[in-house]
Amino acid sequence: MLIRIVEKKWLNHRWLTQSGVALGYALAYLMIVESLSNAPWPFVAGLRIAWLLLVPYRYWIALAVGEAVPLVYRNLGFADGYGSTWVLLASVPPLIIKAPVRLWAN
């Protein structure tokens, strides 16, 4: 619903809508990871599924970017201990794996 309102306002600037979706997902991801990182349930997995269910397909690339940015930010702190290859592989968004499952279930 909110995305449709934003689309009507920024109809000629679709990249702004994509950026807004990516930023919104990144902020939601960081808030959940920071506040519930030691919780026994994977709240971030629920966030991924909820956004995949509620956001149209055309914004899934923005969701992947919005998840990759916080992952890279968090993993860069471990580059000295694990190396740059680990940072690159650990920063692949798990949302990319869940998106085909959502498509198949549709």
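Scan segment 72-84 and report the pairs whose first residue is free of Cβ contacts under 8 Å to residues at least 12 places away in the same chain and whose second residue is exposed (fewer than 12 other Cβ atoms within 10 Å of the Cβ) and part of a helix (DSSP H, G or I), with Cβ atoms within less than 9 Å and a gap of 6+ or a chain change.
Short answer, once both residue conditions are applied: none.
Scan segment 85-106 residue by residue and report those that are touching a residue at least 24 places away in the same chain (Cβ under 8 Å) and not aliphatic (A, V, I, L, M).
Pro93, Pro94, Lys98, Arg102, listed by residue number.
Mind listing whichever residues of segment 50-106 are within 19 Å of Gly20 (Cα to Cα), among the small types (Gly, Ala, Ser) and either exposed (fewer than 12 other Cβ atoms within 10 Å of the Cβ) or at pLDDT below 90 (or both)?
Scanning segment 50-106 gives a single hit, Ala50.
Of the residues in segment 1-49, how many are modelled with pLDDT of 70 or more and either aliphatic (A, V, I, L, M) or in contact with a strand residue (DSSP E or B) (Cβ under 9 Å, 6 or more places away or on another chain) (or both)?
Going through segment 1-49 one residue at a time, the tally reaches 16.
The values are calculated or read from the model by the stated rules, or taken from the named source; none is laboratory data. Just so it is clear, the structure is predicted and the values come from calculations on it, not from any experiment. No Cβ is skipped: glycine too gets one built from the backbone with ideal geometry, and neighbour counts run over all protein chains shown.
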